[in-house]
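A short worksheet on the structure shown next.
Computed from the coordinates by the stated procedures, all read-outs in this text should not be read as laboratory data. A quick note: this is a predicted structure, and the numbers were derived from the prediction, not measured. Cβ placement follows ideal geometry from the backbone for every residue including glycine, while neighbour counts extend to all protein chains displayed.
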Amino acid sequence: QSVDLATGEGLEDAAGAQSVAEGIPERRGEIVKLARVALASVSVRAAVESTRFWRELYIAAEVDGTVVEGFIDLLYETPEGLVVVDYKTDDAGSDALVDRAMTHYELQGAAYALALERAMPGRKVAACTFVFVRPDREERVTDLAGAMQRVRRLIAGEPTAAAGSA
């Protein structure tokens, strides 16, 4: 959250400090490598180009009687609306593992979108993208509106169709 997204300036120092704080100083090089993958991602580049972005944004809003909250890794503005970006460090080394992870993460992204739209009336969330750093792959929630409806049904305690289905 303190690294310059455009240049990567501060990455080495931040990775060193964080690896020590987490008690894993021997993994500093790995942290730098994974952070560089995120910095080079299409989503981060788009956020930088948008010139209007926010990092580590806390969001909380009531959705149908339930408080939905979390930290959005990166949020940026486009003419179409807001774009939520979430970094994933899962060791999802295959397409199948990424696809499986997305069945869970799309609901996380949809919950963020619902909370944002409630907290910011009149603003639309246009997209939600997950940046997987292992492997280097980005996945967009393909049916954000549908995923948002599934989250609302979960909040209401209604049965929902499996993720990814109508």
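Quick one: 3J(HN,Hα) in Hz for the range 131-143, Karplus 6.51/-1.76/1.60 with θ = phi - 60°, rounded, Gly and Pro as x.
Per-residue couplings from phi come out as 9, 8, 8, 9, x, 6, 7, 10, 10, 9, 5, 6, 10 Hz.
Are there trypsin sites (Lys or Arg not before Pro) in the range 1-90 that DSSP puts in a loop and that have at most 15 other Cβ atoms within 10 Å, and which ones? Don't skip to the end; give the middle numbers.
Working: sites: Arg27, Arg28, Lys33, Arg36, Arg45, Arg52, Arg55, Lys88; in loops: Arg52.
Listed in order of number, the matching sites are Arg52.
Return the whole-Å distance between the Cα centroid of the range 43-69 and the Cα centroid of the range 120-154.
Here the two parts' Cα centres lie 11 Å apart.
Counting other Cβ atoms within 10 Å, which GluC sites (Glu not before Pro) in the range 6-83 have at most 10 and lie in a DSSP loop?
Of the GluC sites (Glu not before Pro), the ones in loops of the range 6-83 whose Cβ has at most 10 other Cβ atoms within 10 Å are Glu22, Glu80.
From the mean inverse distance of alpha carbon pairs (Kirkwood) and the Cα radius of gyration, derive Rg over Rh for the range 8-60.
Details: Rg = 13.1 Å, Rh = 12.5 Å.
Across the range 8-60, the Cα-based Rg/Rh ratio is 1.05.
If amide hydrogens are placed 1.01 Å from N in the peptide plane, which non-local residues have theirs closer than 5 Å to the one on Thr78?
The list, which skips near neighbours in sequence, is Val83.
Which residues' amide hydrogens lie under 5 Å from the amide hydrogen of Tyr87, considering only partners 5 or more residues apart or on another chain, with H built in the peptide plane?
Distant-sequence amide H within range of Tyr87: Asp73, Val131.
Rounded to whole Hz and in sequence order, give me ³J(HN,Hα) for the range 4-10 from the Karplus expression 6.51 cos²θ - 1.76 cosθ + 1.60, θ = phi - 60°, writing x for Gly and Pro.
Taking θ as phi minus 60°, the curve returns 5, 5, 6, 10, x, 4, x Hz for the range 4-10.
For the range 114-154, treating each Cα as an identical point scatterer without solvent, what Debye log10 I(q)/I(0) comes out at q = 0.22, 0.25 1/Å?
The Cα Debye sum returns log10 ratios of -0.81, -0.91.
Would you please classify the overall shape of the range 40-107 from the alpha carbon gyration tensor, given that a ≥ b ≥ c denote the square roots of the eigenvalues, rounded means a/c under 1.5, and beyond that prolate means a/b larger than b/c while oblate covers the rest? Write out the running numbers ahead of the final one.
Details: a/c = 2.13, a/b = 1.08, b/c = 1.97.
It is oblate, given that a/c is not under 1.5 and a/b is not larger than b/c.
Counting helices only, and only those DSSP H runs with n ≥ 4, report the 222 nm mean residue ellipticity of the chain as the sum of -39,500 (n - 2.57) divided by its residues, in deg cm²/dmol to the nearest 500.
Working: 5 runs with 70 residues, N = 166.
Helices in the chain give a 222 nm mean residue ellipticity of -13500 deg cm²/dmol.
In whole percent, what relative contact order does the range 1-141 give with Cα contacts below 8 Å and a gap of six or more residues?
So the answer I get is 22 percent.
Using modelled amide H (1.01 Å from N, peptide plane; none on Pro or chain starts), what sits under 5 Å from the amide H of Cys128, excluding residues fewer than 5 places away?
Val84, Val141
Given charges of +1 on the Cβ of Lys and Arg and -1 on the Cβ of Asp and Glu, with all other atoms neutral, how large is the dipole of the range 44-166 about its Cα centre, in debye to the nearest 20?
With only Lys, Arg, Asp and Glu charged at Cβ, the dipole is about 200 debye.
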